[in-house]
1. Roughly to the nearest percent, how much of the accessible area of the chain is carbon and sulfur, given a 1.4 Å probe?
2. Using 28 Å as the Cα-Cα cut-off, could you pick out the over-long pairs in K211/K258; K60/K142; K19/K105; K105/K142; K100/K199; K40/K142?
3. For the chain, just the Cα atoms, rotate onto the principal axes and tell me the three extents in Å, largest first.
4. Report the Cα centroid-to-centroid distance between segment 147-165 and segment 1-25 in angstrom, as an integer.
5. Per-residue ellipticity at 222 nm for the chain, helices alone: DSSP H runs ≥ 4 residues times -39500 (n - 2.57), over residue total, nearest 500 deg cm²/dmol?
6. Given a cut-off of 17 Å, what percent of all Cα-Cα pairs of segment 90-160 lie beyond it?
7. Quick check: net charge around T139, other residues with Cβ under 14 Å of its Cβ, Lys/Arg +1 and Asp/Glu -1?
8. Mind checking the dipole of segment 26-116: about its Cα centre, +1 per Lys or Arg Cβ, -1 per Asp or Glu Cβ, Debye to the nearest 20?
Amino acid sequence: MARLLQIHNTVLEEGLTQKVSLGLFRSDYMIDSLTDGTIKQVEFNTIACGSAAASYVLEKWHRNVVTLLGFPDRTKNMPLSDALHGYANAILTAHEHYIKESGSKTAAILIVIEDRTLNIGDQRLVEFEILKLAPSVRTIRKSITNISNTMRLDERRRLYINDFEIGVVYYRAGYSPDFYHSEVEWNVRLQLERSLAIKCPSIQYQLAGSKKIQQQLALSGVVERFLSEPEEVEAVRQVFTGLYSLDMNDPISNEMIKRAINNPSVFVLKPQREGGGNNLFNEAITKRLLEIQNSDERHGWILMDRIQPPSVLNYMIRKGEEPIFTGVVGELGIFGVIMG
């Protein structure tokens with residue numbers, strides 16, 4: 001997170017070459033059984049948001065399954081998912097803006113991918129939807145490491161990969177320190193942010209999705225800086241759960257650490273990391289807080305009240321395993337787009 005902030009500060013000090021940013025976001029929610037079934041926000045994702053394509057396919061799959069089971073009339077209660085088209089259309093809108101402003105006629109879209117892509121189905125469907133909507137627009141897939149060997153900026157800071165000018169940089173990677181193996185990768189990220197290409201997301205949009213920003217937005221008076229209507233403020237605040245900083249020498253933070261150590265089951269401990277699988281629960285919270293409670297490392301974490309969603313019985317299907325009939329919980333992801 002510190003390196004991302006350093007790059008952010010560098011491009012701001014130099015002056016933004018490209019002032020337009022594209023955001024493809026997903027806000028995640030769960031039903032909280034502890035607050036009479038209200039919806040509570042889990043997190044707000046601003047980079048490499050997955051499942052736009054998967055949800056589009058699964059919606060149709062669910063409709064087919066329900067129909068085959070003999071309940072076709074119930075499909076009318078199933079919500080439509082058009083996130084795949086929405087995401088592809090948004091990327092093309094940014095691409096068209098770049099074409100208009102830069103005068104380029106052949107700019108391509110760069111999709112920044114992992115060194116080893118596991119979620120390729122979701123990624124490829126977005127790419128294929130772009131090609132379906134605009135067959136003449138070229139897409140290029142490269143990892144951050146591979147970009148280093150082929151990129152250059154010209155005197156106007158136009159970005160080129162090999163000989164192809166890039167109009168939009170669409171990140172499906174870069175959200176974790178694991179993608180930056182050396183200074184080579186960090187320099188690639190800096191050069192991409194310096195470029196004239198429209199970033200999706202720009203580094204400021206990525207930072208806006210950090211856990212610390214989520215926690216700060218929940219503080220009294222912060223939402224009111226951005227929304228003026230009391231009804232809108234209240235509606236936003238109703239989806240917040242308890243979010244607590246772990247600042248040093250702060251009595252409230254110290255008290256929350258004590259509570260979490262003694263009763264970890266009602267909290268989630270979250271680091272400033274994206275990509276899933278980083279949060280700590282139950283005894284792991286106690287262990288970690290005891291390790292960092294007297295260290296500056298605690299600044300890199302926040303505490304969150306644990307949402308308690310209702311459990312329902314369903315089949316859990318995993319690759320290479322027999323289906324298991326067990327308790328599962330649901331999460332609602334709402335996709336959104338912003339260009340500004």
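The values are calculated or read from the model by the stated rules, or taken from the named source; none is laboratory data. Bear in mind that the values here come from a model prediction, so they are computed numbers and not experimental data. Glycine gets a Cβ as well: all are built from the backbone with ideal geometry, and neighbour counts include every protein chain shown. The area values use the complete protein model at the heavy-atom level, side chains included, leaving out ligands, DNA and RNA. Shrake-Rupley method; radii C 1.70, N 1.55, O 1.52, S 1.80 Å.
1. 54 percent
2. Going by Cα-Cα distance, K60/K142; K40/K142 fall outside the 28 Å limit.
3. So the extents along the principal axes, rounded to whole Å, are 61, 58, 48.
4. 18 Å
5. -11000 deg cm²/dmol
6. Every Cα pair in segment 90-160 considered, those over 17 Å come to 50 percent.
7. Spelling it out: positives minus negatives among the neighbours equals +3.
8. With only Lys, Arg, Asp and Glu charged at Cβ, the dipole is about 340 debye.
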